[in-house]
1. How much of the calculated P(r) for the range 70-312 lies past 32 Å, in percent of all Cα pairs?
2. Among 109, 277, which comes first, then next, by fewest other beta-carbon atoms within 10 Å?
3. Pairs of Cα atoms under 8 Å, at least six residues apart: use those to get the relative contact order of the range 70-312, whole percent.
4. Give, as ranges by residue number, the residues of the range 225-263 whose backbone N falls under 19 Å from the point 7 Å along Cα→Cβ of residue 98.
5. For a protection proxy built on the mean count of beta-carbon atoms within 10 angstrom, sort 223-235, 177-189, 159-171 highest first, please.
6. Multiply the residue separation of residue 286 and residue 185 by 0.36 nm, subtract the distance between their alpha-carbon atoms, and state the gained length in nm to one decimal.
7. Using a 10 Å cut-off around each Cβ, can you sort 62, 312, 124, 130 from fewest to most neighbouring Cβ atoms?
């Protein structure tokens, strides 16, 4: 009887001790969560302040209905140079599978000659100049029958600033040749870490035999390198400031909450793979020239549409 009482008191003391330890652990976890949240909010506000002077406005955009697990983002890079209207220098569609976290990136050559709804035939990048995001989206819809759910527009100066925020130590790129012509920086061949201005110069270089096709290939290479940098543990702490700055630097139909949710979903899904494609595909285009449009790329539309649908898994 006495042994049972001793055992009972011992068990009670053990349970109290375990309860105190458990409560202490919970308290520590709460303090960590509060600290991380406070840091994230502080960094987000710093990012907002960094982009405080950037012009931010919503653009006309009618998203296509999203019916499955695929979300398609129209990514547009512009060289505004202070002008009110500009042509789209970069046009990509990033297709994200929310279930598998895989991504597919499609680049569209800016000199593709096409009919622009409501206008004559021009280069594809003229659509943005004539009617902004919505007209470019409509042009791609009618050409290739692909849905587009969100858009992001960024000018070159904003690109530089955002790169320096998310990767303050630079982005690692294997520069395939010496580059300096018309890009504002001088790059040497070899693996190196490029800051925002240097990375932009690398992505814009096209003064070689490959011309715009080589330029598009480098842009895709930059996207791949950025993915690697963002997923590094050392750079994840920069995401709140990055997203805050993006509120001023990037024009998009997405709210800051949607941007946070998307970034967290991608991070939670592990490092995503990115498959890449360029339109037009090899063997489906030829060069031509028109007095009103200059040098253009004419394409076999049906062949490219078929290749694109197969790549994105549309109708499969």
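1. Numbers: 5541 of 29403 pairs.
Beyond 32 Å sits 19 percent of the P(r) for the range 70-312.
2. Working: 109 21, 277 18.
The fewest-first ordering by Cβ neighbours comes to 277, 109.
3. Values: 410 pairs, mean separation 54.4, N = 243.
Reported as a whole number, the value is 22 percent.
4. Residues passing the 19 Å test: 253-263.
5. The peptides rank, most packed first, as 159-171, 223-235, 177-189.
6. Numbers: separation 101, 0.36 × 101 = 36.36 nm, distance 3.22 nm.
The residue 286-residue 185 span can extend by a further 33.1 nm.
7. Numbers: 62 11, 312 20, 124 25, 130 16.
Fewest to most other Cβ atoms nearby, the residues stand as 62, 130, 312, 124.
Where a number appears in this text, it was derived from the coordinates with a stated rule and is not lab data. Source: prediction; values computed, not measured. Every residue, glycine as well, gets a Cβ built from its backbone with ideal geometry; the counts of neighbours run over all protein chains shown.
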